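Remarks on the structure that follows.
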Amino acid sequence: MRTTSAALAAALARPLGSLARLWRVERRDGVVIGLTDHDHDLQVEGTLYRARAGMVPGAVDARIGLGVDGLDVGGPLDDGAVSATDIACGRFDDARVDFAIADWTEPEAGRLLLAAGRIGEISMTASRWRAELRGVSQRLQQGIGIAYGPDCAADFADLRCGVALAGTGFEVEGVIAAATATAIADPARTEPAGWFDGGRLTILDGALDGLVVDVATSTPGGIVLARPLPTAPLAGCGYRLRVGCDKRITTCAARFNNAVNFRGFPFTPDPGALETT
């Protein structure tokens, strides 16, 4: 059951509407962004909702029971609100979103919450973004348990894997000497070719701070990325680089000496190789 103030209830009952739609986004890093489709900024319940022209909401699909609530919203890319760099860096991934309405003539009356959830898929074109809001019940559709297969099911260096990173050379930090959107150079990297193939690069400074991208190939002094960055990082930015793991038992044993923690089933027979009778 939704509750609202008497003043907002009166605004909802008026034949001539004066309602504005509000989106409150709380990212995992604690940053809160308020957006509204009204033509002026609104201060509602302690959050500043900034007017953004071109904000286009989709239909709210509210259901009784465990069905997945659906809502999507889009708008123009804006460095002051939702920027291409922040999206590419994953800063909006799984962000908490509240969708509500308020009386723009009396914002102190509060808001009426219509839907809440977390950002799922978010996409960009040249100048616009669009995000899908997933309800709480969406998490019930995620698979639980393990799948049988020859590859390891653990994430490299997590609790199930158990590989230690400190002092092993499996994770290193450095400073970018030069970079493009698809490659970085650091002459201090002397590891053999292929050492970081399939690994992970994290930018630690600048506009791309926090961005994580997979590594395609590595050579002494150079890293080629699996996908282009939204912009080339500046020389002098710090980075963290993690070694790659192809999740095969031979790699786990030879490179990491960790076969005892291997979380796959390398000796499971291939069903396609079994003859039927």
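The values are calculated or read from the model by the stated rules, or taken from the named source; none is laboratory data. Everything numeric here is computed off the predicted structure, so don't read it as measured data. FYI the Cβ positions are ideal-geometry reconstructions off the backbone, even for glycines, and counts take in every protein chain you see.
Examine the stretch 17-25 for a residue that is modelled with pLDDT of 90 or more, exposed (fewer than 12 other Cβ atoms within 10 Å of the Cβ) and either part of a loop (DSSP other than H, G, I, E, B) or not assigned by TED's automatic domain parsing to the domain that holds Asp103 (or both), and state whether such a residue exists.
Checked against the condition, which is being modelled with pLDDT of 90 or more, exposed (fewer than 12 other Cβ atoms within 10 Å of the Cβ) and either part of a loop (DSSP other than H, G, I, E, B) or not assigned by TED's automatic domain parsing to the domain that holds Asp103 (or both), the stretch 17-25 yields no hits at all.
Looking at (1) closer than 23 Å to Ala20 by Cβ; (2) among the charged types (D, E, K, R); (3) surrounded by 20 or more Cβ atoms within 10 Å (Cβ to Cβ), which is the only condition Asp86 fails?
(1)
Condition test on Val224, is it assigned to a helix (DSSP H, G or I) and surrounded by fewer than 16 Cβ atoms within 10 Å (Cβ to Cβ)?
The answer is no for Val224.
Assuming Glu191 fulfils every condition listed in (1) acidic (Asp, Glu); (2) exposed (fewer than 14 other Cβ atoms within 10 Å of the Cβ); (3) more than 15 Å from Phe256 (Cα to Cα) apart from one, which condition is it?
(2)
I'm checking my understanding of the structure. Among residues of the stretch 114-151 that are at pLDDT 80 or above and assigned to a loop (DSSP other than H, G, I, E, B), which one is nearest to Gly199 (Cα to Cα)?
Restricting to residues being at pLDDT 80 or above and assigned to a loop (DSSP other than H, G, I, E, B), the top hit is Asp151.
Do we find that Asp197 is part of a loop (DSSP other than H, G, I, E, B), of a type in the set (D, E, K, R) and in contact (Cβ under 8 Å) with a residue 40 or more places away in the chain in this structure?
yes
Against the condition modelled with pLDDT of 85 or more and loosely packed, with under 14 Cβ neighbours inside 10 Å, how does Ala154 come out, does it pass?
No; evaluated as a whole, the condition is false for this residue.
Would you point out which residue out of Arg248, Arg255 is in contact (Cβ under 8 Å) with a residue 40 or more places away in the chain and farther than 30 Å from Phe92 by Cβ?
Just a single option satisfies the conditions, and that option is Arg248.
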